[in-house]
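First the structure, in the form of structure tokens, and then the observations on it.
Each value in this text was obtained by applying a stated rule to the coordinates, not by laboratory testing. Quick caveat: nothing in here was measured; it's all calculated off a predicted structure. Backbone-built Cβ (ideal geometry, glycine too); neighbour counts: all protein chains shown.
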Amino acid sequence: MFSPSIKHLIQEKSGSFLIPASRIAFVQDDNPLYHAFLILTKIKYSKIPVLDKDELHRH
């Protein structure tokens with residue numbers, strides 16, 4: 001599926017492509033806006049996913 005050079009690059013840099021689950025932050029779509037703001041400022045992420053009640057990503 002991938003060329004050998006791409007496979008090598010992915011294996012070599014895998015730590016920079018994936019974020020450990022323990023470092024992922026998200027908000028629910030019914031959380032107040034200030035809750036999302038607090039998470040963004042505390043963790044210093046520029047974006048966080050918003051999940052609905054079924055834990056599906058909202059666009």
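Taking the stretch 11-30 and a reference point 7 angstrom along Cα→Cβ of LYS42, the backbone N atoms nearer than 20 Å belong to 20-30. Along the axis of the charge dipole computed for the chain (Cβ charges of +1 for Lys and Arg, -1 for Asp and Glu, origin at the Cα centre), the listed residues TYR45, SER5, ALA21 are led at the positive end by SER5. Only Lys, Arg, Asp and Glu carry charge here, each on its Cβ (+1 for the first two, -1 for the last two); on that basis the chain has a dipole of about 340 debye about its Cα centre.
Just flag the trypsin sites (Lys or Arg not before Pro) in the chain sitting in loop per DSSP whose Cβ has no more than 13 other Cβ atoms within 10 Å.
When the trypsin sites (Lys or Arg not before Pro) of the chain are filtered for loop state and at most 13 Cβ neighbours within 10 Å, LYS13, LYS44, LYS47, LYS53, ARG58 remain.
What distance in nm separates the simple spin-label points at HIS57 and GLN28, each placed 7 Å from Cα in the Cβ direction? My value for the distance between the label points is 2.1 nm. Against the chain, whose longest principal axis comes from its Cα atoms, helix 33-43 is set at around 40 degrees.
Could you tell me which label, among [x] 44, 20, 17; [y] 47, 25, 17; [z] 37, 20, 15, carries the value of Cα extents along the principal axes in Å calculated for this structure? The value computed from this structure is option [y].
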